[in-house]
Amino acid sequence: MTFYEFIAEHEKTIRLSFFVATLAIMALWEIIAPRRALTVSKTVRWVNNLGLVFFNSFILRLVFPAAAVGMAVFATQQGWGLFNYFQLPIVASIILSIIIMDFIIYLQHVMVHAVPLLWRLHRVHHADLDYDVTTGARFHTLEILLSMLIKFAVIVVIGPPVVAVILFEVILNAMAMFNHGNVGLPRSLDKLLRWFIVTPDMHRVHHSIEDDETNSNFGFNLSWWDRLFGTYRDQPRGGHQGMTIGIRNFREPKQAAWITGMLTMPFTGKVSGYAINRRQWTEENRKSDHE
Ligand SMILES: [Zn+2]
Ligand SMILES: [Zn+2]
């Protein structure tokens, strides 16, 4: 059995072990040296955030039993996608696949902020009133399913090696938990790491209540995309201790922290937001036409 076959064979165990290990390390780090004081009961948040994660993995298994890895196996068997067509050395295609998939995740993240209907799903991630390791795994079930569909499309187009898909899922999961940590690195180390990867201080800016700060630092793994596309922001205006985490319209713990509130969040509030914006936009344009 080769190294790659070993990884493919033990995919589920590897993913679960990395999830549990990263969670344990970050949880301990947050207890020893927390970056900010928490505002909501940690027990309530942890039970509900992790409850949602558990619920999501159950639904995901139900809807897409083979998941991304199954799709990568299928694409390889069919000879579909760039890397199945052009035979590069395995290490090169693994590294390139991971970088491309990370870029797509960045684009997807920008998209769920830009499209009002998708923002309804993604705001569940942002409504968390505190920022810690469990925030990194808290997403609405429908956003998880949407992400999987996008992943399927990407796999069919690029045809990544199966092992690259497994590695990417493990890295993305571990990195998301790391950079949502209520922790901080020494300033010089943070600055150095930021040239390559997203650090906790870098992604925390993205969870600010301020709109311009939320619409920056979209990356999850590599920090290159934000720098390249002009969405990079160094620090929050209010400082890491002074900034407010969350979104404006959902400040009630019952809605923002409880699993029932999170699951119903996309369906609450006016749906007419987009129509109103359009009307305003048209009127403003008409006005400027006369000026
Ligand atoms: Zn976001
Ligand atoms: Zn986040």
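Within segment 228-246, the set of residues being open to solvent by 20 Å² or more (accessible area, probe 1.4 Å) and either of a type outside the set (G, A, S) or in contact with a helix residue (DSSP H, G or I) (Cβ under 6 Å, 6 or more places away or on another chain) (or both) comprises L228, F229, T231, Y232, R233, D234, Q235, R237, Q241, T244.
Here are some residues: D132, D128. Which one is under 19 Å from H203 (Cα atoms), out of contact with any strand residue (DSSP E or B) (no Cβ under 8 Å at 6 or more places or on another chain) and modelled with pLDDT of 95 or more?
Details: D128 fails: out of contact with any strand residue (DSSP E or B) (no Cβ under 8 Å at 6 or more places or on another chain).
Selected residue: D132, the only one of D132, D128 that is under 19 Å from H203 (Cα atoms), out of contact with any strand residue (DSSP E or B) (no Cβ under 8 Å at 6 or more places or on another chain) and modelled with pLDDT of 95 or more.
A153 - would you say it is out of contact with any Asp or Glu (no Cβ under 8 Å at 6 or more places or on another chain), more than 12 Å from ligand 2 (Cβ to nearest atom) and among the hydrophobic types (A, V, I, L, M, F, W, C)? Talk me through it step by step, then tell me what you get.
Details: out of contact with any Asp or Glu (no Cβ under 8 Å at 6 or more places or on another chain): yes; more than 12 Å from ligand 2 (Cβ to nearest atom): yes; among the hydrophobic types (A, V, I, L, M, F, W, C): yes.
Judged against the criteria, A153 is a match.
Taking the criterion of being more than 23 Å from I98 (Cα to Cα) and among the β-branched types (V, I, T), the residues of segment 136-189 that qualify are T141, V183.
Of all residues in segment 28-56, exactly one satisfies the criterion of being among the hydroxyl-bearing types (S, T, Y) and open to solvent by less than 60 Å² (accessible area, probe 1.4 Å), namely S41. Just one of the listed residues (L192, L117) is over 30 Å from I90 (Cα atoms), away from ligand 2 (no atom under 11 Å from the Cβ) and not in a loop (DSSP other than H, G, I, E, B), and it is L117.
Apart from one condition, V183 fits all of (1) open to solvent by less than 10 Å² (accessible area, probe 1.4 Å); (2) within 14 Å of ligand 2 (Cβ to nearest atom); the exception is (2). Checking I59, I14, I25 one by one, the residue that is loosely packed, with under 15 Cβ neighbours inside 10 Å and of a type in the set (V, I, T) is I59 and no other. The single condition among (1) at pLDDT below 95; (2) within 16 Å of ligand 2 (Cβ to nearest atom) that R248 does not satisfy is (2). State yes or no: is L96 within 16 Å of ligand 2 (Cβ to nearest atom), more than 15 Å from the chain's Cα centre (by Cα) and open to solvent by 10 Å² or more (accessible area, probe 1.4 Å)? Criteria not met by L96.
One residue alone among L82, L107 is within 15 Å of ligand 1 (Cβ to nearest atom) and surrounded by fewer than 19 Cβ atoms within 10 Å (Cβ to Cβ), and that residue is L107.
The values are calculated or read from the model by the stated rules, or taken from the named source; none is laboratory data. All values reported here derive from a predicted model rather than from experimental measurement. With ideal geometry, Cβ positions are generated from the backbone for all residues, glycine too; neighbour counts draw on all protein chains shown. SASA here: full protein model, heavy atoms, side chains in, ligands and nucleic acids out. Shrake-Rupley method; radii C 1.70, N 1.55, O 1.52, S 1.80 Å.
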